[in-house]
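*Asks:* Sharing a structure with you now.
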Number of protein chains: 2
Amino acid sequence: MIDILSVIDHSDPRARRREAKRAQILAAAWTLAHRDGLAGISLRDLASMVELRQPSLYAYFDSKHALYDVMFEDGNRALVERAKALPPNANARAGVVDFARMLLDFCNEDGVRYVLMFQRHIPGFEPSPASYAIAIEFYEIGRQRLAAAGVTEQADMDLFTTLIAGIADQQMSNDPGGDRYLGLTDRIVAMFFAEMDKTHTGMKATKRKAAR
Amino acid sequence: MIDILSVIDHSDPRARRREAKRAQILAAAWTLAHRDGLAGISLRDLASMVELRQPSLYAYFDSKHALYDVMFEDGNRALVERAKALPPNANARAGVVDFARMLLDFCNEDGVRYVLMFQRHIPGFEPSPASYAIAIEFYEIGRQRLAAAGVTEQADMDLFTTLIAGIADQQMSNDPGGDRYLGLTDRIVAMFFAEMDKTHTGMKATKRKAAR
DNA sequence: GTCTATACATCGATAGAC
DNA sequence: GTCTATCGATGTATAGAC
């Protein structure tokens, strides 16, 4: 796992202190985002929460967008960690279900984080290449889980992401924190694999059985 | 169709002039939203586009949120109109496909309108009961199309809306204006009806055939 | 690094004259 | 209804002391 701490000299108390403050600011930013919305974060409020004056924040972040970028990275790092901690499943298709459930639970845990990571409606904000790389890392893990279940074609992967995105979107929009649409996950993934069986009949039976 | 103009006295030139100005402001608001994003609408820019000073806008809208509400209503009115203009289809399932395509085309036409109507990420904005009623009217038309195809259970309707929401969400987020995910529509609706056939085997064969 | 102080442009919103 | 003038707040940024 890429770890931002790995590039910090822990033997230097100044560097440790600086990183602790940075983490404190990040935590406060999430708290403010939950209270006032992502766009509603005020740098003056944020500074006061961590016992700083507003201009001092610029010693840690170049701009508000840079703060969003760190939050985006933070969220993706947490998601990658969650994905890597997901135990492997001898049944590859069941492994895809595990993966889908993990992702959807993660989204449902924190609507603000979901919006930042997956909807990204903050005007003008684009993640930096560095933080976007973490998002790609997560995508890669999902790709491997699908490949293990025999799903490798782009159109099929698009189909899968579309189905999962629908669950997340409806759950977040219409029943945030609940489980009205999350409950459809197993059914929808089963529909997906039924479709795979139907469209890939040319696939070798042994390979298809192994993927199942 | 509910028509806002129906409550306006057209014989009164003052009322006519006022409503014309209101419509002019609404049109300018959409133009600005396309240029600067929904949250980026500036009341000063908006006022200057319709030859007014910024405070004068408050004679037409109580607040910026009230403007969003009128835009929300405007979008839903257009969607209901589109849905009502959709020709009936003798094949009920094909009628559902028609409906899905119509909705997805409508979303894809205007990403800003889509965000306002279906994602509603504007901090603090909630549609008024009056404008929300138009959204319900559209939902009702969709419900009838599904019912004609034999889909009446809430869980099945949730499944359908989830699938369509996924298409719209992915299309808007990852290929706005294109058709990468729209192209999955027929496949996904077919998957939906295959699932209906599978889960409702207790249904009378004649009724199922008729619904198809 | 952190502070005080200040500056600028922009925003939504309001008061009050006409 | 429309205006001018103004308010308080925002994000952003800089200068300069310590």
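*Asks:* If eta is 1.002 mPa s and T is 20 °C, what Stokes-Einstein diffusion coefficient results for region B:103-178, Kirkwood Rh from Cα pairs, in µm²/s?
*Replies:* Working: Rh = 13.8 Å.
Rounded, D is 156 µm²/s.
*Asks:* Here's something else I'd like to know. Could you give each residue of region A:41-51 its phi-based ³J(HN,Hα) in whole Hz, using Karplus coefficients 6.51, -1.76, 1.60 with θ = phi - 60°, and x for Gly or Pro?
*Replies:* 5, 9, 5, 5, 4, 4, 4, 5, 5, 10, 6
*Asks:* I'd like the distance separating the alpha-carbon centroids of region B:141-200 and region A:168-193, in whole Å.
*Replies:* About 13 Å separates the Cα centre of region B:141-200 from the one of region A:168-193.
*Asks:* Then there's this: Among the listed pairs A:K64/B:K64; B:K84/B:K198; A:K198/B:K198; A:K198/B:K84, give every one whose C-alpha distance is greater than 26 Å. The partial results should precede the final answer.
*Replies:* Values: A:K64/B:K64 24 Å; B:K84/B:K198 31 Å; A:K198/B:K198 14 Å; A:K198/B:K84 35 Å.
B:K84/B:K198; A:K198/B:K84, as the Cα separations exceed 26 Å there.
*Asks:* Also: With Cβ to Cβ distances under 15 Å as the rule, what net charge do the other residues near A:H65 carry (K, R +1; D, E -1)? Before the final figure, lay out the partial values.
*Replies:* Numbers: positive: A:K64, A:R120; negative: A:D62, A:D69, A:E73, A:D74, A:E126.
Net of charged neighbours comes to -3.
*Asks:* Return the calculated 222 nm mean residue ellipticity for chain A, to the nearest 500 deg cm²/dmol, obtained by summing -39500 (n - 2.57) across DSSP H runs with n ≥ 4 and dividing by the residue count.
*Replies:* -21500 deg cm²/dmol
*Asks:* Take chain B, mark every one of the GluC sites (Glu not before Pro) that falls in a DSSP loop and has at most 16 other Cβ within 10 Å, then report the longest stretch left between them, sites excluded. Kindly include the intermediate steps, with their values, before the conclusion.
*Replies:* Values: sites that count: B:E51, B:E153.
The segment B:52-152 is the longest one with no such site.
*Asks:* Further question: Using each residue's phi in region B:152-157, evaluate 6.51 cos²θ - 1.76 cosθ + 1.60 at θ = phi - 60° and report the 3J(HN,Hα) Karplus result to the nearest Hz, with x for Gly and Pro.
*Replies:* Each residue of region B:152-157 in turn: 10, 6, 4, 4, 5, 5 Hz.
*Asks:* Given label points at 7 Å from Cα along Cα→Cβ, what nm distances, shortest first, separate B:E81 from the same residue in every other copy?
*Replies:* Ordered by increasing distance: 5.2 nm.
*Asks:* Might you report the magnitude of the Cβ-based charge dipole of region B:149-193 about its Cα centre, with Lys and Arg at +1 and Asp and Glu at -1, to the nearest 20 debye? The partial results should precede the final answer.
*Replies:* Details: 2 positive and 7 negative charges, 27 e Å.
It comes to approximately 140 debye.
*Asks:* Given 20 °C and 1.002 mPa s, compute D for the protein assembly as shown with the Stokes-Einstein relation, Rh being the Kirkwood radius over Cα pairs; round to the nearest whole µm²/s.
*Replies:* Working: Rh = 24.3 Å.
Result for D is 88 µm²/s.
*Asks:* Still on this model: Could you quickly flag the chain B residue whose beta carbon comes closest to the rotation axis taking B to A, and that distance in whole angstrom?
*Replies:* Residue and rounded Å distance to the axis: B:G166, 1.
*Asks:* Please report, for B:G177, the nm distances (one decimal) from its label point, 7 Å out from Cα along the beta-carbon direction, to the equivalent points in the remaining copies, shortest first.
*Replies:* 3.9
*Asks:* Could you put B:Y114, B:Y181, A:Y132 in order, starting from the residue whose Cβ has the fewest other Cβ atoms within 10 Å? It would help to have the intermediate numbers written out before the result.
*Replies:* Working: B:Y114 20, B:Y181 25, A:Y132 15.
Sorted ascending by nearby Cβ count, the order is A:Y132, B:Y114, B:Y181.
*Asks:* Mind putting a number on the dipole of region A:1-151 about its Cα centre? Charges go on the C-beta only, +1 for Lys and Arg and -1 for Asp and Glu, and I need it in Debye to the nearest 20.
*Replies:* Values: 19 positive and 19 negative charges, 21 e Å.
Computed charge dipole of region A:1-151: roughly 100 debye.
*Asks:* Taking R0 as 22 Å, what FRET efficiency do you get between A:S42 and B:S42 from their Cβ-Cβ distance, rounded to the nearest 0.05? List each step's numbers first, then the result.
*Replies:* Numbers: r = 19 Å, r/R0 = 0.88.
Once rounded, the FRET efficiency stands at 0.70.
*Asks:* Counting pairs of alpha carbon atoms under 8 Å apart in space and at least six apart in sequence, what relative contact order in percent does chain A give?
*Replies:* Details: 166 pairs, mean separation 41.6, N = 212.
Dividing the mean separation by the residue count of chain A yields 20 percent.
*Asks:* If you take the square roots of the eigenvalues of the alpha-carbon gyration tensor of region B:1-109 and sort them as a ≥ b ≥ c, do you get rounded (a/c under 1.5), prolate (a/b over b/c) or oblate? Mind dumping the intermediate values first?
*Replies:* Details: a/c = 3.54, a/b = 1.70, b/c = 2.09.
Since a/c reaches 1.5 but b/c is at least a/b, the shape of region B:1-109 is classed as oblate.
*Asks:* Return the loop-located trypsin sites (Lys or Arg not before Pro) in region A:146-203 (DSSP other than H, G, I, E, B) with at most 16 other Cβ atoms within 10 Å of their own Cβ; answer none if there are none.
*Replies:* Hits after loop and neighbour filter: A:R180.
*Asks:* So what's the Cα pair-distance distribution over chain A, bin width 10 Å, in %?
*Replies:* 7, 29, 31, 19, 10, 4, 0
*Asks:* In addition: Shortest first and in nm with one decimal, please list how far the B:A20 label point sits from its counterparts in the other copies (point 7 Å along Cα→Cβ).
*Replies:* Taking the point 7 Å beyond Cα along Cα→Cβ, the inter-copy spacings are 6.9 nm.
*Asks:* Let me ask something additional. Given A:P123, A:A28, A:A92, which one lies farthest toward the positive end of the charge dipole of chain A, if we put +1 on the Cβ of every Lys and Arg and -1 on the Cβ of every Asp and Glu?
*Replies:* So the residue furthest toward the plus end is A:A92.
*Asks:* I've got another one for you. For region A:96-176, which trypsin sites (Lys or Arg not before Pro) are in a loop by DSSP, counting at most 15 other Cβ atoms within 10 Å? Could you put the intermediate results ahead of the total?
*Replies:* Values: sites: A:R101, A:R113, A:R120, A:R143, A:R145; in loops: A:R120.
Those that pass, being in a loop and sparsely packed, are A:R120.
*Asks:* Listed highest first by mean packing, meaning other Cβ atoms within 10 Å per residue, what order do B:84-91, A:35-42 come in?
*Replies:* On the way: B:84-91: 10.5, A:35-42: 15.8.
Packing order, densest peptide first, comes out as A:35-42, B:84-91.
Taken together, the values in this text are just the output of simple stated rules run on the coordinates, not laboratory data. Note that the coordinates shown come from a computational prediction; the quantities given were computed from them, not determined experimentally. With ideal geometry, Cβ positions are generated from the backbone for all residues, glycine too; neighbour counts draw on all protein chains shown.
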